[in-house]
């Protein structure tokens, strides 16, 4: 007999018998199955199981676990903090459906970033993180956003290499202002070492951005933000990043960083296969308004919007991926399948882990999110264990 869906709760409850989820609209790479069936055996999605516990989730959506490429923290904790802080931030975002997460650092002293890379790489080796993203210090003072200008530096390939080495094979991405001295050589170095070179916090021209892409850059760090606006005589980096099929564009879909028309423009020109929704979340995600630190800078969060106390620049976000999903479908009116691609399949492919995560297919990790008819989160499973258990009161 199928167990009815109950109230939301949180747990880390291991299971011994296979689980069979029935009745939901299941979003697969081939499309949406209206009355689907997903079997979980241990930590993996299985083709079928002869015996198992059946959970009836009729009336819900079942989608792959979310993947966040760009995230600085949450739950009052930062990825620039201790191991305990990092684990707290990871857990906060898991409660909101992010089952795979890349930890982003912010600009700081090089010695600190090297030490933090060592700490984060240990957690990545344990499977808690998918990798490390260094956002800064190799960015433009003209487009620094919520980064300390005093700590910025040109992207010297030797220093870029120092961070890569400190990450012990767990560096996933480095954001660079590629127009700065050493920028193109640093892009080439990153490409040679299998690390994503991302164009961001940049004052580059269209032509300079094209050069960066030709050198190996493949990501636009939070497109539209912290870069020159699109102009009809000076198109800047936005046009170059949108037009090149080799580039994945990050979008922060919180209603603050992007006007809906900008979001539509990105989807229309890049196409649903080249968009990755990110949170760019900071400590306040999952907590609320108040005063926080982003690296060495003080941030005021008011009505969910994070801004630097000094200067008022937007300082990351308080976004979680379940809210990005809900907004994309209910406000931006994007097809559910395109939103799933932006939150799961595309970032998995970009990170080179799409053989394990990013879609609901047999053999992949049992990472999934259960949403109700209003796209409110009701359940989160990671590697076969419920993080948010729909059956717990």
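Listed by first and then second residue, the pairs linking a residue in the stretch 74-92 that is within 19 Å of residue 110 (Cα to Cα) to a residue that is at pLDDT below 95 and assigned to a loop (DSSP other than H, G, I, E, B), with Cβ atoms under 6 Å apart and 6 or more places separating them unless they lie on different chains, are 78/283. Reported count of residues in the stretch 312-326, each being surrounded by 22 or more Cβ atoms within 10 Å (Cβ to Cβ) and either part of a loop (DSSP other than H, G, I, E, B) or outside the structural domain of residue 142 (by TED's automatic domain parsing) (or both), is 5. Being within 28 Å of residue 329 (Cβ to Cβ), in the same structural domain as residue 339 (by TED's automatic domain parsing) and within 21 Å of the chain's Cα centre (by Cα) is a description that does not apply to residue 176.
Sort through 305, 309, 329 and tell me the only one that's assigned by TED's automatic domain parsing to the domain that holds residue 110, without any contact (Cβ under 8 Å) to a residue 60 or more places away in the chain, surrounded by fewer than 21 Cβ atoms within 10 Å (Cβ to Cβ) and over 19 Å from the mean Cα position of the chain (by Cα). Write out each step before concluding.
On the way: 305 fails: over 19 Å from the mean Cα position of the chain (by Cα); 329 fails: over 19 Å from the mean Cα position of the chain (by Cα).
Of the residues listed, the single one that is assigned by TED's automatic domain parsing to the domain that holds residue 110, without any contact (Cβ under 8 Å) to a residue 60 or more places away in the chain, surrounded by fewer than 21 Cβ atoms within 10 Å (Cβ to Cβ) and over 19 Å from the mean Cα position of the chain (by Cα) is 309.
In this entry, residue 392 passes the filter for residues that are more than 20 Å from residue 103 (Cβ to Cβ), in a loop (DSSP other than H, G, I, E, B) and touching a residue at least 60 places away in the same chain (Cβ under 8 Å). Condition first: closer than 22 Å to residue 133 by Cβ and at pLDDT 95 or above. Can you find one or more residues in the stretch 287-297 that meet it? No; the residues of the stretch 287-297 include none that is closer than 22 Å to residue 133 by Cβ and at pLDDT 95 or above. Scanning the stretch 349-380 for residues that are over 16 Å from the mean Cα position of the chain (by Cα) and under 20 Å from residue 102 (Cβ atoms) yields 355, 356, 364, 365, 380.
Looking across the stretch 33-52, the residues that are surrounded by 17 or more Cβ atoms within 10 Å (Cβ to Cβ), outside any loop (DSSP other than H, G, I, E, B) and touching a strand residue (DSSP E or B) at 6+ places or on another chain (Cβ under 6 Å) come down to 38, 39, 40, 46.
Looking only at the stretch 104-163, filter to residues that are at positive phi and touching a helix residue (DSSP H, G or I) at 6+ places or on another chain (Cβ under 8 Å); which one of those is modelled with the highest pLDDT? I'd like the intermediate steps shown before the answer.
Pass one, the stretch 104-163, residues at positive phi: 127, 131, 136, 145.
After this cut, where a residue has to be touching a helix residue (DSSP H, G or I) at 6+ places or on another chain (Cβ under 8 Å) as well, the list is 131, 136.
On the way: 131: 98, 136: 92.
Among residues in the stretch 104-163 that are at positive phi and touching a helix residue (DSSP H, G or I) at 6+ places or on another chain (Cβ under 8 Å), the one modelled with the highest pLDDT is 131.
Is it the case, given these coordinates, that residue 99 is in contact (Cβ under 8 Å) with a residue 40 or more places away in the chain and either over 21 Å from residue 208 (Cβ atoms) or part of a helix (DSSP H, G or I) (or both)? The answer is yes for residue 99.
The values are calculated or read from the model by the stated rules, or taken from the named source; none is laboratory data. Computed from a predicted structure; not experimentally measured. Cβ: placed from backbone, ideal geometry, glycine included. Neighbour counts: every protein chain shown.
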